[in-house]
């Protein structure tokens, strides 16, 4: 604020000199401007300080609560695992109930993990460990892992790669999380009998991964907010599809941190295509051109 | 029979770990705080230690540091089993000589067991 003060005082001095030759008027004008800038400057600085303090306290609070929640959540997870091992022959209603408890436990763990990741992103604490990844193979493997879940939901899951191999430089764990999140969403928002297609293609100097579903789609009015934190589209809430509104926010933040882009196209009632694109590793791009 | 020492203050987690490793034929000792953990390590001379980080009386990092300074224990592999996962913590654990680092909430008991078997060879 010091620079602004000095600049304000000089400007005021020049302006006052143009309107009056009396040095007393100039001195009074400059003094008044200095006092005004001092008061306003202090108010702005202390507001920013208060905001920074509030943000730090919120961040610490989320961090502590999330870590504290993980202890009982992991205790439930492990005890449940033991119980399910002992009750291998459990059938009927009991099996459904146990399955529900397990899914809800995993859902809470995922929510805590997401909150911690959001906190890391907002505090600029995300550390990426990039390695060269052959993205067509990488995504195919993940897609294959989702086939049982799609089958269970009565949906068809199809993978295709239009160009191979495509190599990108990215953090494997984060990229896995991003890819899984998009496929998981596609399966979750598609009804029985629907289809989820996953495509890997080359788009100029980028490798692009597209996940298309024949699900509920996103209403036009909600589309601008879809990547915002905690936002859930009105029809997703109505369909009672599980979700926290953090997934797509994290997808965009993480892909952005890895130097990539995200996007989507959607029509309510017809389905959506979500995609991310990452720069191709130069050497590999040259190989592709030959 | 391989000897395992579990240093963990949460009873429900201790119980689950103890059950799964005993069923697999391991001889399991338990300690519920950092100081007790170091004492048990000296007495039991385990083949491997599972170590939580947030512990009463002595933090897991201090326990790890002390164990790595004791003759006869410094080569015992330590697997950190915690719910903290900031990269600074993971890096510190590895720098102090931990052989592995697992976030409890993100791993099933079977996966913890597989990791222990992998480290013990």
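Coordinate-derived values only; no laboratory data. Keep in mind the model is a prediction, meaning the values are calculated, not measured. As a convention, Cβ positions derive from the backbone with ideal geometry for all residues, glycine included, and neighbour counts pool all protein chains shown.
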Out of A:153, A:16, A:221, a Gaussian network model of chain A with alpha-carbon springs under 10 Å gives the largest mean-square fluctuation to A:16
What percentages, rounded to whole numbers, describe P(r) for the protein assembly as shown computed over all alpha carbon pairs with 20 Å bin width beginning at zero?
20, 43, 26, 9, 2
Given points 7 Å out from each Cα along the Cα-Cβ axis, report the residue B:62 to residue A:35 separation in nanometres with one decimal.
5.7 nm
Each label point is 7 Å from the Cα along the Cα-to-Cβ direction; what then is the distance between the points at residue A:267 and residue A:152, in nm?
3.2 nm
Taking springs between alpha-carbon atoms closer than 10 angstrom, which of A:130, A:72, A:165 fluctuates most in the Gaussian network model of chain A?
A:72
How do A:97, A:91, A:179 line up, fewest other C-beta atoms within 10 Å first?
A:91, A:97, A:179
Between residue A:195 and residue B:70, what is the spin-label point distance in nm, taking each point 7 Å from the Cα along the Cα→C-beta axis?
6.4 nm
If you count the DSSP beta bridges with both ends in the protein assembly as shown, what percent of them are antiparallel, to the nearest 5?
55 percent
For a test of the definition: using alpha carbon positions, the gyration tensor, and the 1.5 limit on a/c, classify the stretch A:73-190 as rounded, prolate or oblate.
oblate
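Under 1.5 on a/c is rounded, so check that first for the stretch B:18-121, then, if it is not, pick prolate when a/b is larger than b/c and oblate when it is not; a ≥ b ≥ c are the square roots of the alpha carbon gyration tensor eigenvalues. Please list the in-between numbers first.
On the way: a/c = 1.41, a/b = 1.06, b/c = 1.34.
Here the stretch B:18-121 falls in the rounded category.
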Overall form of the stretch A:1-136 per C-alpha gyration tensor (a/c, 1.5; a/b vs b/c):
prolate
1/(1 + (r/R0)^6) with r = Cβ-Cβ of residue A:93 and residue A:229, R0 = 45 Å, i.e. FRET efficiency to nearest 0.05, evaluates to 0.75
Only bridges with both residues in chain B count here: give the DSSP antiparallel percent, nearest 5.
0 percent
From fewest to most C-beta neighbours within 10 Å, the residues B:63, A:200 line up as A:200, B:63
Return one number: the angle in degrees, 0 to 90 and rounded to the nearest 10, between the long axis of the Cα atoms of helix A:92-122 and the longest principal axis of the Cα atoms of chain A.
30 degrees
Per-residue mean of C-beta atoms belonging to partner chains within 10 Å, peptide B:16-28:
2
Based on the Cβ-Cβ distance of residue A:205 and residue A:129, what FRET efficiency does E = 1/(1 + (r/R0)^6) give at R0 = 22 Å, to the nearest 0.05?
0.45
Please report how far the C-alpha centroid of the stretch A:52-122 lies from that of the stretch A:220-264, rounded to the nearest whole angstrom.
21 Å
Fewest-first ordering of A:255, A:168 by Cβ atoms within 10 Å yields A:255, A:168
Taking the Cα atoms only, what angle lies between the long axis of helix A:23-86 and the longest principal axis of chain A, rounded to 10 degrees?
20 degrees
Count the DSSP beta bridges whose two residues both fall in the stretch A:159-268, then state the antiparallel fraction as a percent rounded to the nearest 5.
75 percent
Could you work out how much longer the chain between residue A:57 and residue A:28 gets when fully extended? Use 0.36 nm per residue separation minus the Cα distance between them, nm to one decimal.
6.1 nm
